[in-house]
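Before any comments, here is the structure.
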Amino acid sequence: MSNVLIYGGTTKAPKGVGLCATCRQCTLVKGEGISDERVFCGTHGAGGVIQITRPVCECSSYVSRNSIHESELEKTAWILKSDAHGHIRFVPPE
């Protein structure tokens, strides 16, 4: 897979490589040949998935695969609690 540089949400990628290649919402399905690649986007519709047929340069729903979503952080974040004596302790997430 090629490297894709992103500046302000717009890709500076080699020809034929779109923004979808680095998006968390994307599913790439590749076959043996270069023309056997299918790109599916999961951000459109209520749980629906659409096939993307052209390279994408900008997308308002783009989420980098390298970024961590806030809800994922909340699942693993420890909670600070204090008791009646003013002692503070960490409590694992529920």
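The values are calculated or read from the model by the stated rules, or taken from the named source; none is laboratory data. Here the structure is a predicted model, which means the values were calculated and not measured. As a convention, Cβ positions derive from the backbone with ideal geometry for all residues, glycine included, and neighbour counts pool all protein chains shown.
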Here the residues within the range 50-93 that are basic (Lys, Arg) and assigned to a strand (DSSP E or B) are Lys81, Arg89
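One line per residue, one yes/no per condition, for (1) over 19 Å from Leu19 (Cβ atoms); (2) exposed (fewer than 10 other Cβ atoms within 10 Å of the Cβ); (3) among the polar types (S, T, N, Q):
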{"position": "Gln51", "(1), (2), (3)": "no, no, yes"}
{"position": "Tyr62", "(1), (2), (3)": "no, no, no"}
{"position": "Asp83", "(1), (2), (3)": "yes, yes, no"}
{"position": "Arg89", "(1), (2), (3)": "yes, no, no"}
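In the set Cys26, Cys20, which member is farther than 28 Å from Pro93 by Cβ, surrounded by 10 or more Cβ atoms within 10 Å (Cβ to Cβ) and in contact with a helix residue (DSSP H, G or I) (Cβ under 8 Å, 6 or more places away or on another chain)?
Within the list Cys26, Cys20, the selection yields Cys26.
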For residues in the range 12-38 being outside any loop (DSSP other than H, G, I, E, B) and more than 21 Å from His69 (Cβ to Cβ), which is modelled with the lowest pLDDT? Lys12
